[in-house]
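J.: Below are the structure tokens for one structure; questions will follow.
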Amino acid sequence: MAEDAAGTTYFAQGLAGRRSLAALKIYRPRPDVTAVLDRYARWKPILDRFDHPHAARLLDVGLTSEGRLYKATEYFAGFPLTALLTSSTTATVTVDADVRRSLARQLASAVRAAHDVQLVHLDLTIQRVKAATSRGPHVMLLGLGSRAIFEGATGDPMGDVAGLVTLLRNIGVAVPESACETAAAVEQALATG
């Protein structure tokens, strides 16, 4: 599906338990394999408890038979949220303001729910979100917790909120300055606005 400096992502189907589609990223050789697996073991209880309809689950982190790290995440069929950028020269998908607000509320709900369980996204950017509109507006936050596990990064909820507000404004959804304190405040402003 994709390739970057860190590794290659494949479209996969789970074989054990619930048969679901997954995005399977196999990383290039790394010197910190043990540290990554240790961080995953620490984060796994929180990640297992976190279940939100607008956040793709991290299904597993482990080693291939060749000793390379892999990450399996829930697959979501949709278009990158970047397709909704408000600049007339960059927009590639046209959706009305009501659909954009619905997607924004869903995303704010996912970030708030993650913060409620002390899970900080750490890299909330428009590139880490996909959307679909074919069966009603639906947004999916990708990569939740990945930076904490693979990079050892520590999170800042205010960084997530700033990223959320920037992302929403970039797709044409107004967020009042008074609501930029927490993800819950953003969610509330979008519900009433």
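J.: What is the local net charge at Asp38, summed over the other residues whose Cβ is closer than 14 Å to its Cβ (Lys, Arg +1; Asp, Glu -1)? Display every interim value, and only then the final one.
T.: Numbers: positive: Arg30, Arg39, Arg42, Lys44; negative: Asp32, Glu151.
Charge balance in the 14 Å sphere: +2.
J.: While we're here: Can you work out the Karplus-derived ³J(HN,Hα) for every residue in segment 55-72? Use 6.51 cos²θ - 1.76 cosθ + 1.60 with θ = phi - 60°, whole Hz, and x for glycine or proline.
T.: For segment 55-72, the Karplus curve yields 9, 5, 6, 7, 7, 6, 10, x, 10, 6, 5, 8, x, 9, 5, 9, 9, 10 Hz.
J.: Students sometimes get this wrong: rank Met1, Met158 by accessible area, probe 1.4 Å, all chains present, largest first. Mind dumping the intermediate values first?
T.: Values: Met1 125, Met158 90 Å².
From most accessible down to least: Met1, Met158.
J.: Under a crude label model (7 Å from the Cα following the beta-carbon direction), how far is Arg30 from Asp51 in nanometres?
T.: About 2.7 nm separates the two model spin labels.
J.: Let me ask something else. Please compute the alpha carbon radius of gyration of segment 22-120, then divide it by the globular-protein estimate 2.2 N^0.38 Å. Two decimals is fine.
T.: Details: Rg = 17.1 Å, N = 99, 2.2 N^0.38 = 12.6 Å.
Here the answer is 1.36, to two decimals.
J.: Angle between the Cα long axis of helix 97-116 and the longest principal axis of the chain, 0 to 90 degrees, nearest 10?
T.: 50
J.: Take the alpha-carbon positions of the chain, form their convex hull, and give its projected area averaged over all directions (one quarter of the hull surface) in nm². Spell out each step's value before the answer.
T.: Details: hull surface 45.9 nm².
For the chain, the mean projected area of the Cα convex hull comes to 11.5 nm².
J.: Here's a follow-up. Ranked from the most accessible area to the least, with a 1.4 Å probe and all protein chains present, what is the order of Glu66, Glu181? It would help to have the intermediate numbers written out before the result.
T.: On the way: Glu66 140, Glu181 120 Å².
The ordering from most to least exposed comes out as Glu66, Glu181.
J.: State the extension gain, in nm to one decimal, for the chain segment bounded by Gln127 and Thr192, taking 0.36 nm per residue of separation less the distance between their alpha-carbons. Intermediate results must be reported in sequence, preceding the final value.
T.: Details: separation 65, 0.36 × 65 = 23.40 nm, distance 2.70 nm.
Gain on stretching Gln127 to Thr192: 20.7 nm.
J.: List the longest stretch of the chain that has no exposed loop site; here a site is one of the trypsin sites (Lys or Arg not before Pro) assigned by DSSP to anything other than H, G, I, E or B, with at most 13 other Cβ within 10 Å. Could you put the intermediate results ahead of the total?
T.: Details: sites that count: Arg18, Arg19, Arg135.
Excluding the exposed sites themselves, the longest stretch runs over 20-134.
J.: How much solvent-accessible surface does Ser102 expose, in Å² to the nearest 10, with a 1.4 Å probe and all protein chains in place?
T.: Ignoring ligands and nucleic acids, Ser102 comes out at about 20 Å².
J.: Now, a different point. Which angle between 0 and 90 degrees, to the nearest 10, do you get for helix 33-49 versus the longest principal axis of the chain when only C-alpha atoms count?
T.: 50
J.: Between segment 101-167 and segment 5-59, what is the separation of their alpha carbon centroids in Å?
T.: For segment 101-167 versus segment 5-59, the Cα centre distance is 16 Å.
J.: Share of the chain's accessible area from carbon and sulfur, percent, 1.4 Å?
T.: Working: 5270 of 9910 Å².
C and S atoms contribute 53 percent here.
J.: Still on this model: Let me spell out the model: positive unit charges on the Cβ of Lys and Arg, negative unit charges on the Cβ of Asp and Glu, origin at the Cα centre of segment 114-159. What dipole size does that give, in debye rounded to 20? Let's see the in-between values first.
T.: On the way: 4 positive and 4 negative charges, 59 e Å.
In debye, rounded to 20, segment 114-159 gives about 280.
The values are calculated or read from the model by the stated rules, or taken from the named source; none is laboratory data. These figures come from a predicted structure and were not determined experimentally. Reconstructed Cβ throughout: ideal geometry from the backbone, glycine too, with neighbour counts over all protein chains shown. Just the protein is used for accessible areas: all its heavy atoms, side chains included, with ligands, DNA and RNA removed. Shrake-Rupley method; radii C 1.70, N 1.55, O 1.52, S 1.80 Å.
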